[in-house]
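This report concerns only the one structure given below.
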Amino acid sequence: MPRQPDPKKAYLELHGTTWRVSVAVPKEARKALGTGRLKHNLGTDSLSVANVLKRQHVERFKRQIQDALDASRGPSRSDLNVALELGKVAGRLREQGTPEEWRAFTDAVYERQAEIRWKDARWITVEDPEDGPFEQEQERPEQARKADLFSDVAYGRATPIDLHHEAYLAQLFVTRRTKSDDERALKLILQWCARDGIPPSVERIDGKRAYAFADALKEMTGLDHVTLNKYIGRLSSYWQYLVQRTDAAKTNVFAGVVVKGPKKPHDQKERPFSNGELARLLLGPATPHMSDLMMIGALTGARLDAIVRLRVCDTANRCLLFQPQKSETTARYVPVHPDLAAVIARRTAGKAPSDDLFPEWPPVTDPNSKRERSFKASNHFTDYRRSVGVSHDIPGVRRSLVNFHSFRRWFISRLEQADVADSLIAAVVGHKRSGITLGVYSEGPVMGSARRAVAKVRLPPLDGSLVQEPDQVIARS
């Protein structure tokens, strides 16, 4: 590695009897600037005076060099990409390179990492006991970290945390909101690395640092432990992806890492609708499409976004085909409840197979939006629910304890009260399960059992007569 210059003579050289500023030009910028060095004579033989005068010229030359570099490299050649390409060269040179090739390689890496390190550097006044004060360039901490990472990647010592994240997101089959959580989790760990001066590489994140990150999250964000554990879960998913694809991650260091917090009291947990609340919702002045949406929610236990995304072709064979949600990995069939037959018939009449069942809530048009298709339907339902007096609000709790998901809890509770086997309930509502799949084309005994099970669910009276509440069962959601 080249010898570090005397800071009092940094960017200075004696030309005859006077000092001049001299700044080296990187190879990539030499063609544009027409020289290997930018120079300016300061007209003084005093080193102290030269140190006072040099700063403005050094900064001017660096701006010229950066402009030339930006023009020559183009927007797609980031420092990280350059370092990764250099890392490939380093691997080859270690196996079969000559000493001359290795020397040229190390000089090239040093040159670029020095450019990164001193970019946007500030100037400070240093007191010298003999020569008095002089100005010295001081690197910015964030640039120093970037320079160190560039060098580590170029020599094959480090894998940037975000290197494989784009490929990881591309292979996920999750909602936009979940991908947004992945992106937020990545930003958080990179922010933490910058805050604590930790090189942002996969190799530097071990089990202890994973727990240290979890401990710091509350202070960094102010969010509750439930939300923070969601982000840690997304990082765990990413790290598991890395373990399977790169030697940089030996184990999933985020597996089992949690941010602890107080458990919710029993009376603050989200719950199913009561029969009375369900009757009030279904009998209220809802729009036709909201009424149909609520009926499907109550008699299938499906999540809101899955319902809104239904198409006409998803209603064949007296079943509804719901796309995967949350932890589900495949689409699932749910038999059409007898009370839903008229709703489905009305919604599909005169439509093509590819038409939406709920055109009232079309897909989000902005390709960059993180909102789910059901965003407006959710707001519509919340306003309607409140208008008919169905709410369960707790001071300090953001969300009502009854919401659209309460249809799902109500449906599961009624299946449980009808003594339907847990495995069959899991197959119908999409809980994690093993061994049971509802095959729509076979109409075998399993699908027959599912049809009979779903038909056991009874809506409360919708004719204004007395609504009775069964013994309460708190359903899994």
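The values are calculated or read from the model by the stated rules, or taken from the named source; none is laboratory data. Just so it is clear, the model here is predicted, and its values are computed rather than measured. Because the Cβ atoms are built from the backbone with ideal geometry, glycine has one as well, and the counts that use them run over all protein chains shown. The accessibility values were calculated without ligands, DNA or RNA, using every heavy atom of the protein model including side chains. Shrake-Rupley method; radii C 1.70, N 1.55, O 1.52, S 1.80 Å.
Can you work out the FRET efficiency for the pair Thr330 and Thr35, with r the C-beta to C-beta distance and R0 = 51 Å, to the nearest 0.05?
Working: r = 64 Å, r/R0 = 1.25.
With a Förster radius of 51 Å, E is 0.20.
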- Place +1 on the Cβ of every Lys and Arg and -1 on the Cβ of every Asp and Glu in the chain, take the dipole about the Cα centre, and give the residue among Ser391, Gly156, Thr251 whose Cα lies farthest towards its positive end. Ser391
- Message: Please list, ordered by chain and number, the residues whose modelled amide H lies under 5 Å from the amide H of Gln138; skip anything fewer than 5 residues away on the same chain.
- Response: Arg122, Trp123, Ile124
- Item | segment 271-455 - percent of accessible surface contributed by carbon and sulfur, probe 1.4 Å | 52
- Query: Quick one, which of [x] 37, 26, 19; [y] 65, 24, 21; [z] 46, 28, 17 is the actual semi-axes √(5λ) of the Cα gyration tensor in Å calculated for this model?
  - Reply: [y]
- Could you pull out every one of the lysines with an alpha carbon less than 26 Å from that of Lys456, ignoring same-chain neighbours closer than 8 positions? Lys432
- Hey, can you grab everything whose amide H is under 5 Å from the amide H of Asp128? Only 5+ residues off in sequence or another chain; H modelled, so Pro and N-termini drop out. Phe134
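As an exercise, use a Förster radius of 35 Å and the Cβ-Cβ distance of Gln138 and Arg204 to find the FRET efficiency, rounded to the nearest 0.05. Please list the in-between numbers first.
On the way: r = 25 Å, r/R0 = 0.71.
That pair, Gln138 with Arg204, gives E of 0.90.
Where does the chain land at 222 nm, in deg cm²/dmol rounded to the nearest 500, when only DSSP H runs of n ≥ 4 count, each adding -39500 (n - 2.57), divided by all residues? Working shown, then result.
Working: 17 runs with 226 residues, N = 477.
It comes out at -15000 deg cm²/dmol, rounded to the nearest 500.
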- Note on the structure: Phi angles of segment 346-358, converted by Karplus (6.51 cos²θ - 1.76 cosθ + 1.60, θ = phi - 60°) into ³J(HN,Hα) in whole Hz with x for Gly and Pro, give 5, 6, 9, 4, x, 9, 7, x, 8, 6, 6, 6, 10
- Note on the structure: Output ordering of 149-158, 292-301, 37-46 (per-residue mean of other Cβ within 10 Å, highest first) is 292-301, 149-158, 37-46
- Which residues does a label at Ser46 reach in segment 119-157, if reach means a backbone N under 15 Å from a point 7 Å past the Cα toward the Cβ? 131-135
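Can you tell me, using C-alpha contacts under 8 Å and at least 6 residues apart, the relative contact order of segment 302-411 as a whole percent?
26
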- Going 7 Å from the Cα of Asp148 toward and past its Cβ, which residues in segment 201-227 have a backbone nitrogen under 11 Å from where you end up? 201
- Output for segment 271-455 (equivalent-ellipsoid semi-axes, sqrt of 5λ from the C-alpha gyration tensor, Å, descending) is 25, 21, 17
- Cα pairs beyond 22 Å in segment 142-242, in percent, come to 31
- For the Thr365, Arg398 Cβ pair and Förster radius 22 Å, calculated FRET efficiency rounded to 0.05 is 0.20
- Just grab the label-to-label distance for Ala167 and Ser78, each label 7 Å out from Cα along the Cβ direction, in nm (one decimal). 1.5
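Taking all pairs of distinct Cα atoms, average 1/r, flip it, and tell me the Kirkwood hydrodynamic radius of segment 7-72 in Å to one decimal place.
Numbers: mean 1/r = 0.0818 Å⁻¹.
Averaging 1/r across every pair of different Cα atoms and inverting gives 12.2 Å.
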